[in-house]
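Reading through the structure tokens given below for one structure.
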Amino acid sequence: MLALFAALQLVAGGDPTPKPAAPPAGVAAPPQVAAFRIAAGVAPPKLDGRLDDAAWAGATVMTNFTQTEPDEGQPSRYPTVGRVLIDDDAIYVALEATDPDPSKIMAQLTRRDDDSPSDWLNVFIDSQHDKRTAYAFSVNPVGVKQDFTAVDNQFDASWDAVWDVATAITEQGWTAEFRIPLSALRFSSGGDGVWGLQLSRNMQRAKERSSWAPMKRDEPRPVATYGELHGLTGLTPPRHLEVLPYTVSRLTRAPGAEADPFYHQSDWQNRLGMDLKYGVTSNLTLDLTVNPDFGQVEADPSQVNLSAFETFLQEQRPFFTEGADIYRFGLALGDGGGANEQLFYSRRIGRAPQGRVSLSDGGYYVDSPAQTTILGAAKLSGRTASGWSVGALSALTGKQEAHIANSLGQSQDDQLVEPLTNYSMLRVRRDLDNGRTQVGGIVTSTVRKLDGTRLGAQLPGAAFTGGIDGSIRFGGDKWQATGYLLGSTVKGDSSAILRLQNSPARYYGRTDADYVTLDPSRNRLNGWMGNYTVSKVKGTWRVGLLGQARSPGFEVNDLGYERSADDITNVLYGGYRKFTPNKLTRTRSLNFNLWHNIDFGRRLTGIGGNVNGNVQFLNYWQAWGGVGHDFAALDTRALRGGPGIRRPGFTNAWIGFSTDSRKALSIEPDVNVGSEEESGGLSYDLSLYVTWRVSGRTNLTVAPSYGYNHSAWQYVQTSRYINDLGQPQATYVFGDLKQNTAALSFRLNHTFTPTTSFQLYTQPFASSGGYGGFREANLANPLAPHYTDRFRTLSANPLNGDYAVDAVPGGRPGFGIGNPDFNFRAVNVNAVLRWEYRPGSTLYAVWSHGRESYEPNPTFAPRHDFGSLFSEHGTNIFLIKLNWWLNV
């Protein structure tokens, strides 16, 4: 990767940034203002929110803010005034927000970057003046800061800079003074001294958004509409170096067996590590982390996964969330179960070890790491003067071994459960025609040091993906066309490649998949994927046609997240959006979607559509809902490797509403109901999200949910046998499942000051499922038009808690079914005290608690289930983490 980083620096030295094109005919020129340079000998403003410093006297006054919401294009209800100063070290921005009744100014004290129903003043700076990217700095009346980066209309709130701001509430309204160091921005020396600038105001009680440079609500390229800030010649981009060393002390108290030689009731750990941020050029930043620790991050929510696909986990670790937009490359079309599919899935880095421990008979104790250690990671990101945006990342995870001892506590040979692994990716894009056209490419790689170990039969030795993509806007920026083409290759031992051929993404071993070949000797798997969209992205009426194809061999799960391959999908959608208020509503929209799926054998695997809508009323309540239907089609994965079977049609509907978020108490209930044809399957989910602003410092959210799922053909197991002719056969067992799931998420936020906060989060979770009515797929007629002809009832008799299935005379032998009933209960608790004791430096005090239990019991009794958790032994982690920011 060092060679890769060096090559990217050469890219940074390309042609100068082209001058922005003049606005099209009929489009108003952007507003302009000159930054007033603070004269030598004049002190820069003292940040107190008072705006009485001498330096402000010479600054140009910026007025005439116009509304984006609710009355687009109309003058702001109450005046807002802006001013801009500059010196060799920083940009200073002053904003005055007039309010006839300052007592009604809304302000919630929260931790940094938390959104709240407050008034906000915002500064957006396009320091590269590429009309696509910007840095945003926001503050509410009690000094809570937010900062993020923007690329067109996509935002990355994980970006944090070191900057200052002060606010004051006055008799005329409220004010804010910003000091934004030049080191927080990326820009080139020379040039014409013009940056993009936008100043805006959010007035919560009026639900008004207004801005200095007029902005349309449906603008797909908002940065391109910014005003111009002149007079910035002679600025020198600082080559900054930020170092953030940290120390962590952790105490873990967990249940265990006293006879276990690896068990310690109190396990102390101390760690040192470091994060580093270095400006390689004025536009490219190198982030480096050594021995990172993410102990302050919340635990993943509990869930029960009965599907064939891996559970997707949201990334929460700061090193990987900051700047994540530049690495994001989505694979799915639309939302739904596959919406999380992506080429780069950072949770692969530092994942739980994948190797299985092999034990001989007898009692053994195993000490296996819960997560793979990240030895170090580096990423290079930014946008160059010549219009390139680059994102390169490389991470090295350590070799992990499980320690094994026999029942006498005697040490045995350690077993490798995760090899030394390098994960890398490179994302490059080039803007043309002021961002209206983009071309780019992406490469990812995973390389494992297996060296002939037993893990070579489980894991590929190397996996690579690569491809090109592009987009173009046309028709006055109202239309957009995009597309990409990707290729993948995975190499390794034939046993590891065989596992991929039989994975849920493709199931090459299906007897009806005559267009693919299952080859046990294969040591490489190749595939490709293509995608296209043509859509109208601006205006009242929207329409689009999009599609993609994934070859059966397309595989990206070593560093990406992919649920399925072997698919060709086309989608047509349309919609109506109106943002102008009428007598009843402020906004309303209505949309439709139609989709069609086939596999590479040209068999229909999906066809359906939905209609959905959303409306915001004059009182700021919102409501939404929709109905959709999937027609009967072939399901190639239901039998988990068996032939395809006809899936019944399915209808679902959803509805919900939310009350006015400006109020101290707001609620958001949602209902989702689904019904399957033929089988009588039924599911519904009920959820409620309640937010209560207890005071200006304390915020409480409670989110109870309940789900019911009745599946008449839930997969249970595959039983294999040899028939009378000596041929291998299989029977695919399904059951009638009735599952109940309840959860309660509780979050308490209390903010002492804008730099000191306390957060408490807990989620009790319980899910139980009972099976009955066992049946097997009728392999002689899996595509029968009637559901009852696609299955045969099994004679399953209870036996010692399990089931014994009778043999079929002249057919398959009898077999057993392990009791599939379940009752899973868990609770996770996180409490975090966070103190930013100096700018950029933070102290965390964390308590994490988790406990869970499982039994093969289908009884659903939430009160008993949640109560019984307190009789279980839990794991407690106490952590103190201190980091300190150094700007070298």
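Each peptide in 146-157, 779-790 gets a packing score, the mean of other Cβ atoms within 10 Å over its residues, and the list from highest to lowest is 146-157, 779-790.
In this calculation the C-beta distance from Ser407 to Thr698 is compared with R0 = 45 Å, giving a FRET efficiency of 0.30. Computed from phi, the 3J(HN,Hα) profile of the stretch 105-119 under the Karplus parametrisation 6.51, -1.76, 1.60 (θ = phi - 60°) reads 4, 9, 8, 10, 7, 10, 6, 3, 6, 7, 7, 7, x, 10, 6 Hz, with x in place of Gly and Pro.
On the stretch 300-411, 47 percent of the accessible area sits on carbon and sulfur atoms, based on a 1.4 Å probe.
Output the peptides 231-240, 126-135 sorted from most to least packed, where packing is the average of other Cβ atoms within 10 Å over each peptide's residues.
126-135, 231-240
Simple spin-label estimate for Thr511 and Ala57 gives 9.3 nm between the two label positions (7 Å along the Cα-to-Cβ direction from each Cα).
Ranked by the mean number of other Cβ atoms within 10 Å of their residues, highest first, the peptides 799-807, 105-113 come out as 105-113, 799-807.
Close amide H pairs (under 5 Å, H built 1.01 Å from N) link Arg586 with Gln616, Phe617, Leu618, residues at least 5 positions away or on another chain.
Per residue, the accessible area of the chain comes to 44 Å² when a 1.4 Å probe rolls over the protein heavy atoms. Other residues with beta-carbon under 15 Å from the beta-carbon of Ala206 carry, at +1 per Lys or Arg and -1 per Asp or Glu, a net charge of +1.
Once the other residues with Cβ under 13 Å from the Cβ of Asp293 are scored (Lys, Arg +1; Asp, Glu -1), what is the net sum?
Residues close to Asp293 contribute a combined charge of +3.
Residue pairs exceeding 32 angstrom between C-alpha atoms, taken from Lys145/Lys277; Lys207/Lys538; Lys145/Lys536; Lys216/Lys663; Lys277/Lys491; Lys46/Lys538: Lys145/Lys536; Lys277/Lys491; Lys46/Lys538.
Taking a sphere under 14 Å around the Cβ of Thr281 and counting the other residues whose Cβ falls inside, with K and R at +1 and D and E at -1, yields a net charge of +4.
Assuming a viscosity of 1.567 mPa s and a temperature of 4 °C, what translational diffusion coefficient in µm² per second does Stokes-Einstein assign to the stretch 636-753, Rh being the Kirkwood radius over Cα pairs?
So the translational diffusion coefficient is about 71 µm²/s.
Can you compute the charge dipole magnitude of the stretch 125-277 about its Cα centre, using +1 on each Lys and Arg Cβ and -1 on each Asp and Glu Cβ, nothing else charged? Give it in debye, rounded to the nearest 20.
My answer is approximately 260 debye.
For the stretch 596-680, the relative contact order is 23 percent, taking Cα pairs closer than 8 Å that sit 6 or more residues apart in sequence and dividing their mean separation by the residue count. Using only the C-alpha atoms, the convex hull of the stretch 602-693 corresponds to 124 Å³ per residue.
For the stretch 222-238, the Karplus equation 6.51 cos²θ - 1.76 cosθ + 1.60, evaluated at θ = phi - 60°, returns couplings of x, 5, 5, 9, 4, x, 10, 10, 9, x, 9, 6, x, 7, 9, x, x Hz by residue, with Gly and Pro reported as x. Calculated [222 nm] ellipticity per residue, helices only, for the chain: -1000 deg cm²/dmol; basis is -39500 (n - 2.57) per DSSP H run with n ≥ 4, divided by all residues, nearest 500. Enclosing the Cα atoms of the chain in their convex hull gives a volume equal to 178 cubic angstrom per residue. The base-10 log of I(q)/I(0) for the stretch 365-517, evaluated at q = 0.10, 0.21 Å⁻¹, reads -0.60, -1.26 [Debye formula, identical scatterers on Cα atoms, solvent excluded]. Along its principal axes, the stretch 119-268 has C-alpha extents of 72, 43, 33 angstrom, given from the largest down. Each residue, Ala34 and Leu760, gets one label point 7 Å from its Cα in the Cβ direction; the gap between the two is 5.8 nm. Per residue, the Cα convex hull of the stretch 646-688 amounts to 54 Å³.
Using the Cβ-Cβ distance between Leu359 and Arg662 with R0 = 60 Å, the FRET efficiency computed as 1/(1 + (r/R0)^6) comes to roughly 0.50. Evaluated with a Cβ-only charge set (Lys, Arg +1; Asp, Glu -1), the chain carries a dipole of roughly 1360 debye about its Cα centre, given to the nearest 20.
The values are calculated or read from the model by the stated rules, or taken from the named source; none is laboratory data. What you are looking at is a predicted structure, and each value in this text was computed from that prediction instead of being measured. Note that we place each Cβ from the backbone using ideal geometry, even for glycine, and neighbour counts take in every protein chain shown. These area figures cover heavy atoms from the full protein model, side chains too; ligands, DNA and RNA do not enter into them. Shrake-Rupley method; radii C 1.70, N 1.55, O 1.52, S 1.80 Å.
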